[in-house]
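Notes follow the structure.
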Amino acid sequence: MNIELLVKMANEISLFFASGSAPTQAARDVATHMKRFWEPRMRRQIVTYYEKGQGEGLNDLAREAVALLAAEARLSNSA
Amino acid sequence: MFAIDYRDCGTPAPRDAGAPVTIDIDGKSVTVPEGTSVMRAASLAGIQVPKLCATDTLKAFGSCRLCLVEIEGRKGYPASCTTLVAPGMKIRTQSEKLAALRRGVLDLYLSDQPPAWAESPAKGHNELETVAKAVGLARTTYGPGRRRPAPVDDSNPYFVFDPQYCIVCSRCVRACDEVQGTFALTVQGRGYDSKIAASEGQPFLESECVSCGACVEACPTAALIEKSVIRLGEPQRAVITTCAYCGVGCSFEAETRGSGAATEVVRMVPNRDGDANHGHACVKGRFAYGYATHPDRQLKPLLRASIRDEWREASWEEAIAYAAGEIRRIQGKYGRDSVGGITSSRCSNEEAFLVQKLVRAAFGTNNVDTCARVCHSPTGYGLKSTLGESAGTQAFTSVARADVILVIGANPTDGHPVFASQIKRRLREGAKLIVIDPRVIDLVRSPHIAADIHLQLQPGTNVAMLNALAHVVVTEGLTKDDYVAERCEAPAYQRWKAFVAEERNSPETMAAITGVPAGLVRRAARLYATGGNGAIYYGLGVTEHSQGSTAVMGLANLAMATGNLGREGVGVNPLRGQNNVQGSCDMGSFPHEFTGYRHVSDSAVRTLFERDWGVQLPAEPGLRIPNMFEASLDGSFRALYVQGEDIVQSDPNTHHVTSALAAMECVIVQDLFLNETARFAHVFLPGSSFLEKDGTFTNAERRISRVRKVMPPRAGYEDWQVTMLLSEALGYPMRYTHPSEIMDEIARLTPTFAGVSYEKLDRLGSIQWPCNDAAPDGTPTMHVHQFVRGKGRFYVTEYVPTSERVNSRFPLILTTGRILSQYNVGAQTRRTDNVLWHAEDLLEIHPHDAEVRGIAEGDWVGMTSRAGETVLRARISDRIAPGVVYTTFHFPQTQANVVTTENSDWATNCPEYKVTAVQVVRVSQADAWRERTALERSLHETHARARDPAHA
């Protein structure tokens, strides 16, 4: 899929949770939202994008959230 | 005239039923609530008092002098319609004196009728005739008198007005005033010269009449009568069903002649016992049903291997086998998740349920979505997050208890006209009105209605406005803290309070963003918070934004903070666009949820479905509609089954949608017509209209109502049967013999529907879910003692401006909406005489913006955005502010969605239809301009790709 669009979507989700969630919780909330509403190939693609280039274009919170998804994916692959 | 099988009680039931009162009528003892008229009490006792000016949808008028009765101990002969019952009353409705008085009055009425009045087109369906028989007067005893010249007005496509039959009883005028609230009719002149006039004596079509038909139904003679009755004759039977247009979900009696395939609908009469509409209708529901028999209906399946080929007719067997074969071939080649389906908000609950079951169980993927994605998906997310349930909180009747009505991002008089009439009635009774909308909608000012406050904000600034309103509520101490303390999560409330109290959210600061003076915002906030019961009604002007879900949460925040949830007269109420938006969402049409809004990752829920359906189900969410398009363009999504939805015309950025569809290997369209999406289809399966099937629709107030088959499906199958055929061909047979069995399965698997059955629907008329052991007859008002989620949750709603900005190239903001006579993409209404009111989409542009562009009324204008360009005619209007333009999206020729962008709601991907930066120019030749700008765009994109190969 168009990675620019996925980055834009992740950033917009982050903008909501950045103000609405406690700072320690915000990244988890963004990642949870993506897990609950994004189809796996969308998540895989943004995780791959992040792992290849540190997620250029992602805002800080979105990057943190995608990092959580990436870590989960690694964990589940190694399990 | 009201429905053929309806017994009219003459006056309405008292709204606030008082203590029981027992009276004696003609020796019969009758007990009725205090406030009931003698006429109604008699009718309820089975005694019909002759009447002409009375009908039970209108207040008693007391003018025809036919309903006189005798009351023991009282002088004279009071009118039974205007006399209320009193304990111990003894009433006689028949006596020699009464008979003589009635004959005398009726003789005068008949003396003014044409000689052959009893042979009028309303023969057999004419109250005057019924009363004449009851009184025993077949013809007038007066000689022929002076006849008035009385031209027939047949300008309206659906009814005629023939003044020679008119008895000037004012029922039509009062229906227009009291029921519809348009005030288009009047009695012109005095005495013998009195006559009914539309507006100032104009033909009906050119007048302010909105063609709701209330006057036609109220008329006791042949003066106002449906053309279909004249053409087809008296109806022979009636079937109660539910309208397939907007989310009001009006109940109708479909009156027909003939049987089997020869069944003809003579007219649609709104059901006076209908729980949503109470006997009222609009021009679409009452009159615009002709599309069902339009010659454009495609009644044979069609096939083609490539979208470049011509269609060829096929048998059902061949078409179904081909479609199933392609689904399996594509899955074999590209993987299980390379296919998906779209359920329709126009189809029934049972049909939506079956399509999502087909996709999940037979396709084996969660790639199912619904057209509600592009309208009210933010409602589901926003209300579920804050209150715990993805639905509106009230019954429509709740508005009668509202003291302050807040309408935001909705245009009820056009989009939800029957409910708008209920709103207007309450406003005439004194309720206050706040309108938040970029456009001066009719509710802002129309006869006998004026908004107390209109916050005419810039498109795209709803969240800023809601935060400003909340700021006033919090900083001026207008919150209901006791209510919140008892019902809501305290930490989230405190966080929200601190947030909205920040100066940056004040009306004064936000004025620079919303364009609305702070004083007006402060007044509106105070009125909503302190004016008594505050009821919020909203539409797509809230949801179809990049912050649609945030705005819905903002509305819920406001309602919770002011204690405006959990009882009659208050609430947060989405006005759903299509007939079954609520239902299609309830039925598990979203890719992440089963029925009843339960996430697919919930293993307990998944196990429940797996056991019932006998298959293993995926635990990951599927693709949403816009994601399907993206996946198609990257090659990982290759087949789509679309039931009853024209995604090419209704989804944003048409070029993007058509590119995605053209890239697919198999598109299966099931519809009434070869719509725009069918241009990209390989299989076309004929659909069935609402008149041709059984099922249920769920309206905006969570009301489940029966759809009953009026005639056999013209193409041979009801839509749910077609889905079954496809499932069977895919090796997953479904065994339903009637939609009631599908509903039984829904009830078995869905806690909020546990108590729903066709038997109960037939018994109760309709049911508002949740319906279960705790609420066996349904739930009119939600969140009464506590919120569904337990404690209500406030969310911080930071305003984030849309990325769609005006600049020198696109200096205007386009926002879109609907018009009364047309419906969505117009597939139905464009195929009716409703085109007489609205034959094309127009671009409303402010006089200032028009002047600087040299645009005059009716000029062709070209409109360009970042996404595309289109041409339409201009309407100069100060309904919208300078800098804003507005259009509808009912006609494929206009293709309004060619210009809308792919921006979408952050949470749900609901498209941002309501904000598109555009430029508008006058064009002399529409086609030439369209071709030239398309070519320029193509060249521009080619150059852009050449400069930046990454975008190739």
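Rule-based calculations on the coordinates, nothing more; no lab input. Computed from a predicted structure; not experimentally measured. Please note: Cβ atoms are built from the backbone with ideal geometry, for glycine as well, and neighbour counts cover all protein chains shown.
The table below lists the values:
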| read-out | value |
| --- | --- |
| Length released on extending from B:Thr31 to B:Arg139, taking residue separation times 0.36 nm less the Cα-Cα span | 35.1 nm |
| Sorted by Cβ neighbour density within 10 Å, fewest at the top, the residues B:Asp154, B:Asp482 | B:Asp482, B:Asp154 |
| For chain B, radius of gyration divided by Kirkwood radius, i.e. Rg to Rh on alpha-carbons | 0.98 |
| At 1.567 mPa s and 4 °C, Stokes diffusion of the stretch A:3-78 via Kirkwood alpha-carbon radius, µm² per second | 108 µm²/s |
| Dipole of chain B, positive end: most advanced residue of B:Ala850, B:Thr658, B:Asn156 [Cβ charges, Cα centre] | B:Asn156 |
| Peptide-level mean, for A:5-15, of C-beta atoms on other protein chains within 10 Å | 4 |
| Residues B:Leu299 and A:Ala22, FRET efficiency given R0 of 51 Å [Cβ-Cβ distance, rounded to 0.05] | 0.30 |
| Residues B:Thr365, B:Thr31, sorted so that the one with the fewest Cβ neighbours within 10 Å comes first | B:Thr31, B:Thr365 |
| Kyte-Doolittle at least -1.0, axis length at least 24 Å by Cα - qualifying DSSP helices, chain B | B:316-334 |
| Linear extension gain, B:Asp634 paired with B:Leu108, 0.36 nm per residue minus alpha-carbon span | 181.4 nm |
| Burial ordering of B:Met743, B:Met39, fewest other beta-carbon atoms within 10 Å first | B:Met743, B:Met39 |
| Cα-centre dipole for the stretch B:271-343 with unit charges at Cβ (Lys and Arg positive, Asp and Glu negative), debye to 20 | 160 debye |
| Size of electric dipole in the stretch B:812-951: Cβ of Lys, Arg +1 and of Asp, Glu -1, about Cα centre, debye, nearest 20 | 140 debye |
| Residues in the stretch B:350-376 reached by a label modelled at B:Glu610 [backbone nitrogen below 17 Å; 7 Å Cα→Cβ] | B:360-366 |
| Net charge dipole size for the protein assembly as shown [Lys, Arg +1 and Asp, Glu -1 on Cβ; Debye, nearest 20] | 1260 debye |
| Beta bridges per DSSP with both ends in the stretch B:377-574, % antiparallel, nearest 5 | 10 percent |
| Furthest towards positive pole of dipole, B:Thr888, B:Gly274, B:Cys64, structure part the protein assembly as shown, Cβ charges | B:Cys64 |
| Long pairs among A:Lys35/B:Lys357; B:Lys791/B:Lys914; B:Lys51/B:Lys90; B:Lys284/B:Lys709; B:Lys693/B:Lys760; B:Lys28/B:Lys97, criterion Cα-Cα beyond 25 Å | B:Lys791/B:Lys914 |
| Nearest-0.05 FRET efficiency for A:Leu5 and B:Arg526, computed from C-beta distance (R0 56 Å) | 0.85 |
| DSSP bridge pairs, the stretch B:638-726: antiparallel proportion in percent, nearest 5 | 30 percent |
| Sequence-distant lysines (8 or more away, or on other chains) whose Cα lies within less than 26 Å of B:Lys432 | B:Lys59, B:Lys424, B:Lys480 |
| Ellipticity estimate at 222 nm from DSSP helix runs (n ≥ 4, -39,500 (n - 2.57)) divided over chain B, nearest 500 | -8500 deg cm²/dmol |
| Fraction of antiparallel bridges per DSSP, chain B only, in percent to nearest 5 | 60 percent |
| Sequence-distant residues sharing a close amide H with B:Thr242 (under 5 Å, placed H) | B:Phe252, B:Arg708 |
| Gain in span if fully extended, B:Arg504 to B:Asp744, counting 0.36 nm per residue against the direct Cα distance | 81.1 nm |
